[in-house]
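Report on one structure; see the data block that follows.
Computed from the coordinates by the stated procedures, all read-outs in this text should not be read as laboratory data. None of the values given here were measured: they were computed from a predicted structure. Reconstructed Cβ throughout: ideal geometry from the backbone, glycine too, with neighbour counts over all protein chains shown.
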Amino acid sequence: MKERLQKLIAAAGLASRREAEEWIRAGEVTVDGVVAGLGDKADPLDQKILVRGNPLEPGRKNRYVLVNKPAGVMCTRSDPQDRRLIFDLVRDIPGRLFTIGRLDMTTEGAILLTDDGALAHRLAHPRFKVEKTYLVRARGQIRRENIRLLEQGVTLEDGLTAPARIGNVRFSGGHTWLEITLREGRNRQVRRMLESVGHPVSRLKRIRYAFLEIGDLPSGHYRFLTAEEIGRLKNLANG
Ligand code: URA
């Protein structure tokens, strides 16, 4: 069946409709070797559609990617200061990926990228309360009563934090190391929680997102999720 090109391109997850229209206007889309114009329709099963040189693959599967983000990389689509973007690390994966939630520029570790916009949107929603575990290095020695406070809830500008789990607390070289598991995802939450008890964070790494551990995935690298992991993620998003 013939459909408008911008609709086909958006449905394949390559771009938004608006971006697709711009590409068509710029002459970057061809159908059977002929440059397409805005408003043209095509049948992806019957015709060869090239979008900026890449073939449009109708009915292809979504992609789900776990990235170990290095510190200094931004989770935004673009940066006026031209800093490195998370999307630069997955440049060899065709299509338009979205991050599921975000990490601060100076935070390292596990972040999921996908072209499944609906799943990304659902999992990032606070209603789903996805568990995330962070390895924290904070300045000074945190007293036991402050660890208990962080677990029970501390009051930040945007209200009381929900209960958290803290484990593996150790003190070394003037810093406290600990692992904290949250089910919320407020902006800069871990940093603000630790600051509120007087111990600024000097290093932050997300080591687990839901059931996905960063493990020994090297910094700056990614891996595709397995079919089983994708199924579990979808179950989470439908819960
Ligand atoms: N908490 C933070 O403070 N920063 C992050 O990037 C993630 C959680």
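Using alpha-carbon pairs under 8 Å, 6+ residues apart, how would you state the relative contact order of region 98-173 in percent?
18 percent
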Per residue, how big is the convex hull of region 1-94 when only Cα atoms are used? Give it in Å³. 104 Å³
Below 8 Å between Cα atoms, with a sequence gap of 6+, how large is the relative contact order for the chain in percent? 19 percent
Given unit charges at Cβ for Lys, Arg (+) and Asp, Glu (-), the dipole magnitude of the chain about its Cα centre in debye, nearest 20, is 780 debye
Can you list residues from other chains, or at least 5 along the same chain, whose modelled amide H is less than 5 Å from the amide H of residue 63? 115, 116
Assuming a ≥ b ≥ c are the square roots of the Cα gyration tensor eigenvalues, decide whether region 3-55 counts as rounded (a/c under 1.5), prolate (otherwise, with a/b larger than b/c) or oblate. rounded
How big is the gap, in Å, between the Cα center of region 19-63 and the Cα center of region 75-91? 25 Å
Hey, with R₀ at 30 Å, roughly what FRET efficiency would residue 197 and residue 79 work out to, going by the Cβ-Cβ distance, to 0.05? 0.40
Projected label distance in nm at residue 172 and residue 188, using a 7 Å step from Cα toward the beta-carbon: 2.8 nm
A chain fully extended from residue 118 to residue 179 at 0.36 nm per residue, minus the present Cα-Cα distance, gains in nm 18.9 nm
Starting from the amide H of residue 74, placed 1.01 Å from N in the peptide plane, find each other amide H under 5 Å away whose residue is 5 or more places distant or on another chain. 84, 85, 86
Could you order the peptides 226-237, 110-121 from most to least packed, using the average number of other C-beta atoms within 10 Å per residue? 110-121, 226-237
Between residue 93 and residue 57, what is 0.36 nm times their sequence separation minus the Cα-Cα distance? Round to one decimal in nm. 11.6 nm
Which residue, 157, 22, 108, has the most motion in a Gaussian network model of the chain that connects Cα atoms within less than 10 Å? 157
With the alpha-carbon atoms as the only input, what is the per residue convex hull volume for the chain in Å³? 148 Å³
Short version: ³J(HN,Hα) in whole Hz for each residue of region 147-162, in order, from phi by Karplus 6.51 cos²θ - 1.76 cosθ + 1.60 (θ = phi - 60°), x for Gly and Pro, what are they? 4, 5, 4, 4, 5, 7, x, 10, 8, 10, 3, 9, x, 6, 7, 6
Determine ³J(HN,Hα), in whole Hz, for all residues of region 20-27 in sequence, where each value follows from phi through the Karplus function 6.51 cos²θ - 1.76 cosθ + 1.60 and θ = phi - 60°; x replaces Gly and Pro. 4, 5, 5, 5, 5, 4, 7, x
Linear extension gain, residue 18 paired with residue 50, 0.36 nm per residue minus alpha-carbon span: 9.8 nm
What is the log10 of I(q)/I(0) for region 170-239, computed with the Debye formula using one identical point scatterer on each Cα and no solvent, at q = 0.20, 0.23 Å⁻¹? -1.03, -1.16
If each Cα of region 131-209 is one equal point scatterer, what is log10 of I(q)/I(0) from the Debye formula at q = 0.26 Å⁻¹? -1.45
Given Cβ charges of +1 for Lys and Arg and -1 for Asp and Glu, the option among 219, 160, 199 whose Cα lies farthest towards the positive end of the dipole of region 141-239 is 199
Karplus ³J(HN,Hα) for region 80-86 (6.51 cos²θ - 1.76 cosθ + 1.60, θ = phi - 60°; Hz, whole; x = Gly/Pro) runs x, 8, 6, 7, 5, 10, 4
What size of dipole, in debye to the nearest 20, comes out for region 47-127 about its Cα centre when the only charges are +1 on Lys and Arg C-beta atoms and -1 on Asp and Glu C-beta atoms? 280 debye
